[in-house]
1. Considering the range 182-198 alone, what residues qualify as being out of contact with any Leu (no Cβ under 6 Å at 6 or more places or on another chain) and either free of Cβ contacts under 8 Å to residues at least 12 places away in the same chain or aromatic (Phe, Trp, Tyr) (or both)?
2. Any idea which residue in the range 178-198 is modelled with the lowest pLDDT, counting only those that are touching a Cys at 6+ places or on another chain (Cβ under 6 Å) and outside any loop (DSSP other than H, G, I, E, B)?
3. For residues that are under 30 Å from THR190 (Cα atoms), under 47 Å from the mean Cα position of the chain (by Cα) and free of Cβ contacts under 8 Å to residues at least 12 places away in the same chain, tally how many sit in the range 115-158.
4. For the range 1-98, which helices (runs of 4 or more DSSP H) that fit wholly inside it have 3 or more residues that are surrounded by 13 or more Cβ atoms within 10 Å (Cβ to Cβ) and modelled with pLDDT of 85 or more?
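The values are calculated or read from the model by the stated rules, or taken from the named source; none is laboratory data. On a predicted model such as this, the values are computed, not experimentally measured, just so you know. No Cβ is skipped: glycine too gets one built from the backbone with ideal geometry, and neighbour counts run over all protein chains shown.
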Amino acid sequence: MTHYERLRVAPTATTGQIRDAYRRAAREAHPDRSSRADAESRMAAINEAYRVLGDPVRRRRYDEEIAVAPAAASRSGASAADWRDHEPQWTYTPVPDGTPARFPWKFMAVLATLGMGVIVLGLIFAKPSVPAEPDNILRSADCVVLGPQLDAAEVSCSEPHDAVVDRLVPFGETCSSGTEAFRDRQGMGTACVVRVTP
């Protein structure tokens, strides 16, 4: 009995028809639902039929072997009926063609080009960053003007300024060499500044 006969489908059946026929046959032959003594072997045969016919590559090879069977039967002297019960035994093993897997260079080049295009467009259409307005809270790298009472007040770096804040230290600590100590006008500590040469 061929796999097609076992699932009760024609050799021209579609994949969907084979799947539906398998489900129907499996429900009927399942050992839990069938009282027949050979239920397990029938179920195994139905599973094998679907394993072969449900895979396009195995099905094509199976169809080729079935087509060769009548010719082989006539050469060996056996009847076609004898060959009809013969199930082809084979396993599918893909044969490597010897070429190594290729890296998708073209795809990667397209991605890199798109990425560069996005970056260029971003640079073209991006608005220039506006310097932050002074908020009178001193931080490192802020520009300051120095007052006569040894105090420092923040100004915009685009305006004339006397120094740049290197760091802030708590009251009572000394500034590192190369910097001068000025009092923060907000009373937050001592600003260690580096004078700007005119």
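1. Scanning the range 182-198 gives GLY187, THR197, PRO198.
2. By that ranking, first place goes to ALA181.
3. Qualifying residue count, the range 115-158: 3.
4. Result: 3-7, 15-29, 39-53, 56-76.
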